[in-house]
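The values are calculated or read from the model by the stated rules, or taken from the named source; none is laboratory data. These figures come from a predicted structure and were not determined experimentally. Note that we place each Cβ from the backbone using ideal geometry, even for glycine, and neighbour counts take in every protein chain shown.
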Amino acid sequence: MRSDLANRIEAVLFVAEKPVSRSELARIAGATPRQLDGALAELGAAYEGTGLRLQHDGDEWQIATAPEMAPFVASYLGADRLRLSPASLETLSVIAYRQPITRAEVEAVRGVNCDQTIYTLMSRRLIEERGRKETPGRPILYGTTWEFLECFGLTSLDQLPAVMSEPVATEP
Amino acid sequence: MRSDLANRIEAVLFVAEKPVSRSELARIAGATPRQLDGALAELGAAYEGTGLRLQHDGDEWQIATAPEMAPFVASYLGADRLRLSPASLETLSVIAYRQPITRAEVEAVRGVNCDQTIYTLMSRRLIEERGRKETPGRPILYGTTWEFLECFGLTSLDQLPAVMSEPVATEP
Amino acid sequence: MSPTERHEDAPVIGVRPPRVAVEGFEGPLDLLLELVEEKKLDILTVRLGDLAAEYLARVRALGQLPADEAAAFLWLASRLVLLKARSLLPSLEPIPEEEDAVSEDELRARLIEYAAVRQRAAALGDRLRAGERAFHREGGTVELPPRGGDTDALAAAWSRVLVLAQRQHREQIEVPPERYSVAQRTAEIEEIVAREGSVTFDRLLGEAPTLSFAVVTFISLLDLYRKLAIDLEQDELFGEIGIVRKAPAAAPAARGGGSADRREEKGTGVAGAEKREEGASAERPGE
């Protein structure tokens, strides 16, 4: 019988798109560091022989698919089309058409926080960092990758389809 | 000991951004529909008492967090709770229990104009268009969405709460 | 003609206490059911015609029914009176013009169905309040080079972003803050409160208020409160603020009301989109 604490951690790590730190997990699950370690060990053991794995890099934890399942995951993800949520696709479109662009500028255009979608696109290697903008805070600039071109079957960015609407200001 | 097929399904559903159809799961996991159903049942049972569970809307399947974990997940995501007015809840309940259904049919049951609540429910992605009714004027049919199941913590439409007085069918 | 729904949704997502019940009814069926339940009658056996007098009295007491709603309430009242008359004079045969009139059985069936709807809505509401919902993931941690991107879908997403951004932009231009004087806003609020009896602060603000609009609205409320025209209610710290009519409303300001309504309407487009985004963030970790 799984402990409630292990289940809380499982649910949080399940929805998280990036690794979650030990301290944040403890805070959210309402556990002491010691209890948390016990629950993480419990969860890791529970995943043995399943399609998932519990991984950590230092103090950062995440759930991932088991390596043995890679062929099936690849078959699903790589099948015939790129699988991105509408939100991620919108963020990608802003970056593709306006690159190089900072996160704040992307958010100004979309009107919503884009942390998670930028992380998703980075992890899919569709976008990458392109240096820093020479403004206060020197924010990171993002642009699309060559994988992006390959993925969309473009030989260059000039080939991005033109859209009707006139551009709007992106300065936040 | 979990079957390999259940693990494959688990891994694919874990990385999927959207619900995956039964037929696609069967194709990717290399299973017959019959084997697949067995593995889905196995996975669903394995999730009992954990932080996750398997939910489905018709033939589309997805892994989601267990409803009891909602406070912790919401705390991590910073998600706010959905609130609906009594009027919207009434419209939603008519649609949930009678789908697919046209606006006129909803209005016949409630006895009031339901434009506003249908718009509200659409904008919250709790309901969606489900084609047209083959009657004069071909009115739009509405049904509930995945988000509806998630928001109400239901693993499928079969789990809609039953009420005391079951009504007789009325056609407008 | 169907009456229009009264209860408007409080802004979708957000930590707010449940709305205080608004006076009035959702419609003729709602009122009729209320009568049946109040008197602890059995829907299956009660003679609906017997409720005619009481129903009429309640409709009269409702006071301010807009014309189209009044029609629906009165239509049902006339049906009830007819049913009553028939029960008193069993020999009364339906005349041809009455053929489209709803029969006692039909009315009862509709009432039973509506009662089930209300129970179901309450059951769903309970689930919602319990907050035990599920969350799915978007799957962002995959390390595979993607293939098969659709440039048209990408361009469509870009168009969508542009349209939304432009709409927001337009909104800002079309509702310049200086357009709202405290006097004008006060008149608008007075009219809304006179019309609806009560309203929430959030609704007065609309979906995407500019700072000056919010400030002007707030000052107007203080002014109305000072003049004893309204009462303010707040159940808990940071909870929803309710504005309730106090004195019988003065003559509504004809000039101001229009722009408040327009603002609300215009807000809906952008707000709908924003809400979707917010909804998305509440339901999945994508944003």
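Within segment B:77-95, the set of residues being more than 7 Å from chain C (Cβ to nearest Cβ) and surrounded by 24 or more Cβ atoms within 10 Å (Cβ to Cβ) comprises B:THR91, B:ILE95. Listed here are the helices (runs of 4 or more DSSP H) enclosed by segment B:19-120 that have at least 3 residues being among the charged types (D, E, K, R) and within 19 Å of B:LEU154 (Cβ to Cβ), and there are none.
When we screen B:ILE118, B:ILE63, B:ILE101 for residues that are within 30 Å of B:ARG8 (Cα to Cα) and crowded, with 19+ Cβ neighbours inside 10 Å, the only hit is B:ILE63. Please go through segment B:1-59 and pick out each residue that is buried (at least 18 other Cβ atoms within 10 Å of the Cβ), modelled with pLDDT under 90 and at the interface with another protein chain (Cβ under 7 Å from one of its Cβ atoms). Once the filter is applied, which keeps residues that are buried (at least 18 other Cβ atoms within 10 Å of the Cβ), modelled with pLDDT under 90 and at the interface with another protein chain (Cβ under 7 Å from one of its Cβ atoms), segment B:1-59 yields B:VAL15, B:ALA16, B:GLU17.
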